[in-house]
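A short write-up of the structure that comes next.
Values quoted throughout were computed directly from the atomic coordinates according to the rules given, and no laboratory measurement underlies them. Owing to the predicted nature of the structure, the values given are computational and were not obtained by experimental measurement. Neighbour counts are summed over all protein chains in view; Cβ atoms, including those assigned to glycine, are modelled from backbone coordinates with ideal geometry.
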Amino acid sequence: MPMLHGCAYPGCSTFTLSTYCVEHELLVRAVKESERGHALTHEDVTAVADTALSAETALTAAAPDTAV
Ligand SMILES: [Zn+2]
């Protein structure tokens, strides 16, 4: 059973199974993509964050409440 821990993103205390919460996982990935040459606009980042937020909400709803 993997352990939940705090997101590694500064200022974020969302519990996650990976290094970052879903939102910041996608955000960090998007930043890395942009560093490889694809210029990311603010709209792109906002869209990624919106998608991640929905995914995280679904994940939270599906996960048992173990982080009390
Ligand atoms: Zn986070």
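General remarks:
- Fully extending the segment from V31 to D65 would add 9.1 nm, taking 0.36 nm per residue of separation and subtracting the current Cα-Cα distance.
- The magnitude of the dipole of the chain, with charges of +1 and -1 set on the Cβ of Lys/Arg and Asp/Glu and taken from the Cα centre, is near 200 debye.
- Scaled radius of gyration (Cα, divided by 2.2 N^0.38 Å) that segment 20-62 gives: 1.20
- Furthest towards positive pole of dipole, T41, T57, C21, structure part segment 20-62, Cβ charges: C21
- Per-residue ellipticity at 222 nm, computed for the chain from helices alone with -39500 (n - 2.57) per DSSP H run of at least four residues, works out to -17500 deg cm²/dmol.
- Sorting the segments 27-34, 41-48 by their mean number of nearby beta carbons within 10 angstrom, highest to lowest, gives 27-34, 41-48.
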